[in-house]
Ligand SMILES: [Zn+2]
């Protein structure tokens, strides 16, 4: 892990190089760069977690604007008129993709139609495919004609719960940000890649003393699939069946969840943003499980991605250990 002050120093020296480069380029007739000294590019990012990684890459070389506030549910976020204007005026939009930002898909597509560059993080990682409820989906070709052949119906959008999945998209995100800012980001890109690799090790050490087969998870919705696959956990069930907190549970779903909890001898149910409190409490009452809140979709105030993923792993570890 490279400490933040060092990253900041790298960025500052890169910014200095970029300014020097522009100065020597003056008079070459390159209009595209002529405004770069006066106005930084604006990178508009949907989620706080992606915003943290974008900030680590670009530092002060771009204005980074995050639309979804910490603590808000990205599955259930509607953009304001101001947010829609920000998307339209961005130099680059960075979104998670796979319809995580259900309420913003249209505004992002409109901005893209108007010529704004858009980076979907999930287009650049190995996507966990889910065969939900038997899996056939007549809407599978819905996006086939909009140029995004990487949209997966049933693809799990929760890519940020695994640092090594996030690491996969760093090179492509770096390229997109370099294009948007005109600044070389090699140094911060390498540093971020190293940090994500180190974070994988940190998560492993946090979970290390759980007994073999002891990481059995019940969560608010199906949000920890990447984490579970990476760290050898089993998803026993979810309070809401589905990849989004906006899915609806049925009495039958809850009955089979309670059976699964009893069978797997699970004693902790992790709730998340968007988990209906009454339903979670009912599951807890009927199974004797404890409820533990999991900060799985956003950053703590003032926190970064590193703080997010270590906190996530620690809450899971402690929730399963008590
Ligand atoms: Zn979710």
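None of the figures in this text is laboratory data; all of them are computed from the coordinates on show. None of the values given here were measured: they were computed from a predicted structure. So basically every Cβ, Gly included, is an ideal-geometry build from the backbone, and we count neighbours across all protein chains shown.
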If R0 = 30 Å, then residue 290 and residue 102, at their Cβ-Cβ distance, give a FRET efficiency to the nearest 0.05 of 0.50
Between rounded, prolate and oblate, where does region 209-321 land on the alpha carbon gyration tensor, with a ≥ b ≥ c its root eigenvalues, rounded for a/c under 1.5, else prolate if a/b exceeds b/c?
oblate
Sort 64, 116 so that the residue with the fewest other Cβ atoms within 10 Å of its own Cβ comes first and the one with the most comes last.
116, 64
Taking 75, 221 and counting other beta carbon atoms within 10 angstrom, the fewest-first order is 75, 221
Two pseudo-spin positions, 7 Å from Cα along C-beta at residue 307 and at residue 262, lie apart in nanometres by 4.3
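When a footprinting reagent is the concern and you count Cβ atoms within 10 Å, what order do 226, 231 take, fewest first?
On the way: 226 23, 231 19.
The fewest-first ordering by Cβ neighbours comes to 231, 226.
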Mean Cβ-within-10 Å packing, highest first, puts peptides 249-256, 93-100 in the order 93-100, 249-256
